[in-house]
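J.: The structure's right below; bear with me while I get my questions together.
The values are calculated or read from the model by the stated rules, or taken from the named source; none is laboratory data. Just so you know, these numbers come straight off a predicted model, no measurement behind them. Please note: Cβ atoms are built from the backbone with ideal geometry, for glycine as well, and neighbour counts cover all protein chains shown. Surface areas here come from the heavy atoms of the whole protein model, side chains and all, with no ligands, DNA or RNA. Shrake-Rupley method; radii C 1.70, N 1.55, O 1.52, S 1.80 Å.
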Amino acid sequence: MARDDERMRLLVPRATAERIRREMSRRQFLALGGAGAAAAGLALAGCGGDDDGGDTTAAGAATTAAASEGSAAAGVGGDLSIYTWAEYQNPENTDAFAAANDVNVVLDIYDSNEAMLAKLELAAGSSGYDVVVPTSGFIPLMVSKDLLLELDYSRLPNAGNIDPAIAELAAAHDPGNVYAIVKDWGSTGWVYDASVITEPITDWAGFVTAAAQDGVSGFVTLLGAPGDVTGIVFWRDGIDWRTTDPADLDHAEEVLLNELAPHIKAFDSYPGVTLVAGEYVLSQAWNGDARVAVLEDPERYVWGLGAPKTELWVDTWVILKSAPHVDNAYAWIDNILDPAVSAKEVEFHGYNTAVLGTEDFLPADLPAREIIFFTEEEVARLLPGEVNEAQDRIVEIYNNLKAAAGA
């Protein structure tokens with residue numbers, strides 16, 4: 001088995017890698033130290049419930065846990081290589097899986113779907129990765145490039161635990177969920193230091209305005225994800241963020257270059273820990289990462305879900321067609337879909353896994369629960385994205401913004 005310092009390889013810039021390593025250590029502490037008051041409901045508000053999700057009682061969870069152990073036994077020994085986002089797997093679960101199955105698990109880290117896809121294409125089938133975690137909108141592109149293995153659901157008995165409503169969202173990009181199975185889902189908003197920004201930010205227009213304030217300008221970060229960055233303009237201005245209209249794209253570029261570029265310090269997909277360290281004041285963030293800062297000091301660090309509209313993303317597990325350790329890949333995914341294992345994931349990364357029955361295993365006093373589980377009103381703001389013919393232009397806008405910001 002690998003030592004802890006060998007288990008995770010960070011394929012991101014050095015400064016980002018150091019922040020992630022600090023963050024992983026702190027998140028482990030928080031996940032192990034947090035205990036609970038009233039069980040947290042996990043189904044997507046307003047998008048369906050438990051009707052078709054199987055037995056979600058504690059007894060049912062025990063049954064699925066047994067099924068998970070059985071499926072994991074099919075992949076005993078050897079290696080497993082996972083290419084994923086940072087701070088996205090609970091090390092406790094990874095270590096337990098490795099020990100139970102005598103599997104050497106190695107995690108490589110990326111900070112955008114675009115970076116992941118570029119590396120897989122460059123490797124031309126020789127990446128050595130088994131499991132990857134793309135956002136669902138990228139599944140059609142990966143299928144078109146013949147990168148993905150069709151899933152054999154007979155080897156994933158715990159797949160029945162996935163909330164059908166979330167599986168359906170993923171199926172919009174992967175009809176029948178043939179190639180991908182839900183990992184978790186979330187959204188995009190902002191997190192800021194309220195000791196500096198004293199006027200609450202309530203929408204994307206307020207985010208852009210706050211970025212230009214004295215004491216904030218120069219300490220602003222945007223995500224390292226092109227679609228989320230252009231989304232700021234589209235969500236603010238009432239434009240469908242899936243637009244392919246050249247005029248809309250030109251508008252997004254103009255706004256970003258003129259209204260945001262002068263204030264940006266960095267493009268950082270994991271800003272939570274650095275915000276707490278005092279290096280940032282205002283960050284565009286995914287909800288789970290924003291929760292990191294809020295847990296540190298809920299009076300000082302404030303999360304806001306994007307408004308009037310924002311993103312609904314679904315991240316997925318896929319197995320590469322070139323995977324050298326397919327048995328271990330299936331065992332890993334099925335294990336993660338067990339509600340007891342899933343609960344540990346939720347505690348660690350702060351995202352909704354869509355695994356029914358997980359709430360039975362969550363601490364009753366799960367902190368900052370509202371950042372993980374959205375209300376019906378919040379869900380109504382969320383819009384799924386897609387990767388379409390505008391993708392190259394969106395990446396171009398993002399690169400132009402980075403150059404203009406000097407970040």
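J.: Filter segment 133-155 down to residues that are out of contact with any Ser or Thr (no Cβ under 7 Å at 6 or more places or on another chain) and part of a loop (DSSP other than H, G, I, E, B), then give me how many there are.
T.: 7
J.: When segment 289-302 is examined, which residues are found to be under 19 Å from the mean Cα position of the chain (by Cα) and either within 19 Å of Met116 (Cα to Cα) or crowded, with 20+ Cβ neighbours inside 10 Å (or both)? Please lay out each step first, then the result.
T.: Of the residues in segment 289-302, the ones under 19 Å from the mean Cα position of the chain (by Cα) are 289-295.
Listed by number, the residues that qualify are Asp289, Ala290, Arg291, Val292, Ala293, Val294.
J.: Among the residues of segment 309-336 satisfying the criterion of being out of contact with any helix residue (DSSP H, G or I) (no Cβ under 7 Å at 6 or more places or on another chain) and in a loop (DSSP other than H, G, I, E, B), which is nearest to Gln89 (Cα to Cα)?
T.: His325
J.: State all residues of segment 315-367 that are open to solvent by 40 Å² or more (accessible area, probe 1.4 Å) and among the aromatic types (Phe, Trp, Tyr); if no residue qualifies, say none.
T.: Scanning segment 315-367 gives a single hit, Phe361.
J.: Filter segment 192-241 down to residues that are small (Gly, Ala, Ser) and in a helix (DSSP H, G or I) and give me whichever is most open to solvent (accessible area, probe 1.4 Å). Outline the logic, then answer.
T.: Step one: list which residues in segment 192-241 are small (Gly, Ala, Ser), which gives 194-195, 205-206, 210-212, 215, 217-218, 224-225, 227, 231, 238.
Remaining after also requiring in a helix (DSSP H, G or I): 205-206, 210-211, 227, 231.
On the way: Ala205: 43, Gly206: 23, Ala210: 3, Ala211: 0, Gly227: 23, Gly231: 0 Å².
For segment 192-241, the residue satisfying everything is Ala205.
J.: Return the pair list, or none, for Cβ contacts closer than 6 Å from residues in segment 377-403 that are touching a residue at least 12 places away in the same chain (Cβ under 8 Å) to residues that are assigned to a loop (DSSP other than H, G, I, E, B) and surrounded by fewer than 18 Cβ atoms within 10 Å (Cβ to Cβ), at least 6 apart or on different chains.
T.: Every condition considered, the pairs that remain are Val379/Ala45; Val379/Gly46; Glu386/Arg242; Asn388/Thr244; Glu389/Thr244; Ala390/Thr244.
J.: Being more than 20 Å from the chain's Cα centre (by Cα) and open to solvent by 10 Å² or more (accessible area, probe 1.4 Å), is that true of even one residue in segment 368-376? Before the answer, list the steps.
T.: Taking segment 368-376 as the starting set, the residues that turn out to be more than 20 Å from the chain's Cα centre (by Cα) are 376.
When the remaining residues are screened for being open to solvent by 10 Å² or more (accessible area, probe 1.4 Å), the result is 376.
Yes, some residue in segment 368-376 is more than 20 Å from the chain's Cα centre (by Cα) and open to solvent by 10 Å² or more (accessible area, probe 1.4 Å).
J.: Quick one: would you say Leu141 is within 14 Å of Asn388 (Cα to Cα), in contact (Cβ under 8 Å) with a residue 12 or more places away in the chain and surrounded by fewer than 22 Cβ atoms within 10 Å (Cβ to Cβ)? Step through it out loud before you land on a result.
T.: Values: within 14 Å of Asn388 (Cα to Cα): yes; in contact (Cβ under 8 Å) with a residue 12 or more places away in the chain: yes; surrounded by fewer than 22 Cβ atoms within 10 Å (Cβ to Cβ): yes.
Judged against the criteria, Leu141 is a match.
J.: Quick check on Asp365: is it closer than 26 Å to Asn101 by Cα and charged (D, E, K, R)? Step through it out loud before you land on a result.
T.: Numbers: closer than 26 Å to Asn101 by Cα: no; charged (D, E, K, R): yes.
Judged against the criteria, Asp365 is not a match.
J.: Still on this model: In segment 242-280, how many residues are of a type in the set (A, V, I, L, M, F, W, C) and not in a helix (DSSP H, G or I)?
T.: First, the residues of segment 242-280 that are of a type in the set (A, V, I, L, M, F, W, C): 247, 249, 252, 255-257, 260-261, 264, 266-267, 273, 275-277.
Subsequent filtering for residues that are not in a helix (DSSP H, G or I) retains 264, 266-267, 277.
Of the residues in that region, 4 qualify.
J.: Also, I was wondering about something else. Residues being part of a loop (DSSP other than H, G, I, E, B) and open to solvent by 10 Å² or more (accessible area, probe 1.4 Å): count how many of those fall in segment 113-132. Give the steps one after another, and end with the answer.
T.: In the first step, residues of segment 113-132 are kept if they are part of a loop (DSSP other than H, G, I, E, B); the result is 124-130.
This time we only want the ones that are open to solvent by 10 Å² or more (accessible area, probe 1.4 Å), so: 124-128.
Within segment 113-132, residues that are part of a loop (DSSP other than H, G, I, E, B) and open to solvent by 10 Å² or more (accessible area, probe 1.4 Å) number 5.
J.: In the list Glu370, Glu359, Glu377, which residue meets the criterion of being at pLDDT below 95, over 19 Å from Tyr153 (Cβ atoms) and part of a helix (DSSP H, G or I)? Explain how you work it out, then say what you get.
T.: Working: Glu370 fails: at pLDDT below 95; Glu377 fails: at pLDDT below 95.
So the residue among Glu370, Glu359, Glu377 that is at pLDDT below 95, over 19 Å from Tyr153 (Cβ atoms) and part of a helix (DSSP H, G or I) is Glu359.
J.: Would you please name the residue that is nearest to Val302 (Cα to Cα), looking only at residues in segment 169-180 that are in contact (Cβ under 8 Å) with a residue 12 or more places away in the chain and open to solvent by 10 Å² or more (accessible area, probe 1.4 Å)?
T.: First pass over segment 169-180, keeping only residues in contact (Cβ under 8 Å) with a residue 12 or more places away in the chain: 169-170, 172-174, 177-180.
Filter once more, keeping what is open to solvent by 10 Å² or more (accessible area, probe 1.4 Å): 169, 172-173, 177-179.
Values: Leu169: 29, Ala172: 33, His173: 33, Asn177: 36, Val178: 39, Tyr179: 37 Å.
Here the answer is Leu169.
J.: Right, something else. Which condition breaks for Thr64 when tested against (1) at pLDDT below 90; (2) open to solvent by 60 Å² or more (accessible area, probe 1.4 Å)?
T.: (2)
J.: Of everything in segment 380-407, what is under 18 Å from Leu312 (Cα atoms), touching a strand residue (DSSP E or B) at 6+ places or on another chain (Cβ under 8 Å) and assigned to a helix (DSSP H, G or I)? Give them in sequence order.
T.: none
J.: When the residues of segment 72-90 are filtered to those that are in a helix (DSSP H, G or I) and open to solvent by 20 Å² or more (accessible area, probe 1.4 Å), which remaining residue is modelled with the highest pLDDT?
T.: Keep residues of segment 72-90 that are in a helix (DSSP H, G or I), which gives 72-75.
If we keep only those that are open to solvent by 20 Å² or more (accessible area, probe 1.4 Å) too, we end up with 73-74.
Numbers: Ala73: 43, Ala74: 46.
Per the criteria, the residue is Ala74.
J.: What are the pairs, 6+ residues apart or on separate chains, where a residue within segment 350-373 that is closer than 18 Å to Tyr88 by Cβ has its Cβ under 6 Å from a residue that is among the hydroxyl-bearing types (Ser, Thr, Tyr) and modelled with pLDDT of 95 or more?
T.: Taking only residues 6 or more apart or on different chains, the pairs are Thr353/Ser342; Val355/Ser342; Thr358/Ser342.
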